[in-house]
1. I need the full set of residues from region 157-202 which are surrounded by 12 or more Cβ atoms within 10 Å (Cβ to Cβ) and among the acidic types (D, E), in order please.
2. Would you please name the residue that is most open to solvent (accessible area, probe 1.4 Å), looking only at residues in region 290-315 that are among the β-branched types (V, I, T) and in a helix (DSSP H, G or I)?
3. Given the structure, is D116 open to solvent by 50 Å² or more (accessible area, probe 1.4 Å), modelled with pLDDT under 85 and acidic (D, E)?
4. Can you find a residue that is at pLDDT 95 or above, open to solvent by less than 30 Å² (accessible area, probe 1.4 Å) and touching a strand residue (DSSP E or B) at 6+ places or on another chain (Cβ under 7 Å) anywhere in region 275-289?
5. Show me the strands (runs of 3 or more DSSP E) entirely contained within region 316-418 in which 3 or more residues are open to solvent by 70 Å² or more (accessible area, probe 1.4 Å) and at pLDDT 95 or above.
6. Suppose the filter is among the aromatic types (F, W, Y) and more than 33 Å from the chain's Cα centre (by Cα); does F374 pass it?
7. Taking region 230-256 only, how many residues are under 13 Å from the mean Cα position of the chain (by Cα) and surrounded by 24 or more Cβ atoms within 10 Å (Cβ to Cβ)?
8. Which pairs turn up if I take residues in region 369-387 that are more than 19 Å from S329 (Cβ to Cβ) and hydroxyl-bearing (S, T, Y) and look for partners that are in a strand (DSSP E or B) and open to solvent by 40 Å² or more (accessible area, probe 1.4 Å) with beta carbon separation below 7 Å, at least 6 apart in sequence or on another chain?
Amino acid sequence: MPMAMSSIFTITLLAWFINIPRTSSANQEAKVFMVLMEDEPVVMMSSLRGSEDIAMYKRRMTQEHDVFLQSVLEEGSYVKLYSYTHLLNGFAIHAKGEEALWEYYNSNTIRSRSGDALFFRARARILDGRRATYAGRAPVVASYSSRGPDVNNAILEAADVLKPNIMAPGSSIWAAWSPNSEGDVYTKGQSFALLSGTSMATPHIAGIAALIKQKHRHWSPAAITSAMMTTADVLDHSGAPILAQHKNRLAPATPFDFGAGSVNPSRAIDPGLVFDAYFKNYLQFLCAVPGVDDMSIRRAVGVGCPAKRKEWCSDLNAASVTVSNLVGSRKVKRRVTNVADADEKYTVTVREPAGVKVRVTPEAFKISVNASRFIRLHLEATQRTNAYTFGEMVLSGSKNHVVRVPIAVFVSSSIGRS
């Protein structure tokens, strides 16, 4: 979600009561304050009692976070702190209740003459808490997330392939971290950190792929990819179209923002239909890439191009349809396989990209378990767009399976046939 940038801060003071990890035989305690600025935690300050070890802990924690807070205030701008050096187990309470709670805590704590806590007699219960409410829209495509279209070569000619494929959580993810990393002063020496980027989204997809593979051990990588793409969400938690962050604005996401949509693991386990592909299909695809010769293919994969080649890269049996240079019209063929546990009837509907008329054959069909059949699309340019436009093909099954296929087309000319 976009973050407010302002020189005026909203500050809330919370008190945390915790047990510091024990470094001696004596009980140790702490009173820790957290400051929230723009509703984001950016600093922690401690008032501690206990041994010299605790004092050292206090100085280290306070110095690190006070320096950060001071730099924020001096700059007059808001900088989000993504990760913390310390893990605190405890609870939060607003400042008004803090004094009463602290008084009760002290009155039920037996201390030594030096003030160290010897026994804790205070008791508390956690009853029904507040229900979290979310005013913002989620999920939202992050501004730093990679965007399409895909390219064929060094001169950035667009390819007949949809990229990205799919969207997964990748912003502020609590993840494993190497203590030897030199990347961030706040995470150096830590085993976990809050991280963002493709490196965080990818493990989500890899884990979901592993779950699908465990359920369907004989599925190919292409089938697993298809299952995730065709069942992805294109609506957010409020039922509205997923949004994407752009410079200073939010706009409805397109397939070049989130691919087929936001991954939905529970539906990906049972997609109904899959678009499968194997080595020979990818070889045909490579041989159709403009400017790629047979020798390059042979060096890359060990075999040359077949005598009978596919005419277009868009012929790859993918769970999407992308045409990067539509001149007049083009025919696209896809093969679906029923991976459900029963025969099923499907009806096909199409939302056409602007400037393109799409005809699909057949418009309805029945498919048996483990059977495959072809679906043919005829894309005809009706208006030159000089930009990508987007649509989708949706296959709705009688057993409640919904197979969604994104369509991306760049109409270069409405005259002629290709």
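The values are calculated or read from the model by the stated rules, or taken from the named source; none is laboratory data. Only a predicted model underlies this, so the values are computations on that prediction, with no experimental measurement involved. Virtual Cβ from ideal backbone geometry, glycine too; neighbours counted across all protein chains shown. Each accessible area value is taken on the protein alone, full model and side chains, heavy atoms only, with ligands, DNA and RNA left out. Shrake-Rupley method; radii C 1.70, N 1.55, O 1.52, S 1.80 Å.
1. E157, D160, D184
2. So the first thing to find is which residues in region 290-315 are among the β-branched types (V, I, T), and the list is 292, 297, 301, 303.
Filter again for in a helix (DSSP H, G or I), leaving 297, 301.
Working: I297: 9, V301: 56 Å².
Across region 290-315, the extreme among qualifying residues is V301.
3. On the way: open to solvent by 50 Å² or more (accessible area, probe 1.4 Å): no; modelled with pLDDT under 85: yes; acidic (D, E): yes.
So D116 fails the test.
4. Looking for residues that are at pLDDT 95 or above, open to solvent by less than 30 Å² (accessible area, probe 1.4 Å) and touching a strand residue (DSSP E or B) at 6+ places or on another chain (Cβ under 7 Å), one finds at least one in region 275-289, hence yes.
5. Numbers: elements: 321-327, 329-338, 344-351, 356-361, 364-367, 372-381, 388-397, 402-413.
It comes to 344-351, 356-361, 372-381.
6. On the way: among the aromatic types (F, W, Y): yes; more than 33 Å from the chain's Cα centre (by Cα): no.
No; evaluated as a whole, the condition is false for this residue.
7. Matching residues across region 230-256 total 1.
8. If the second residue must be in a strand (DSSP E or B) and open to solvent by 40 Å² or more (accessible area, probe 1.4 Å), the pairs left are S372/R335.
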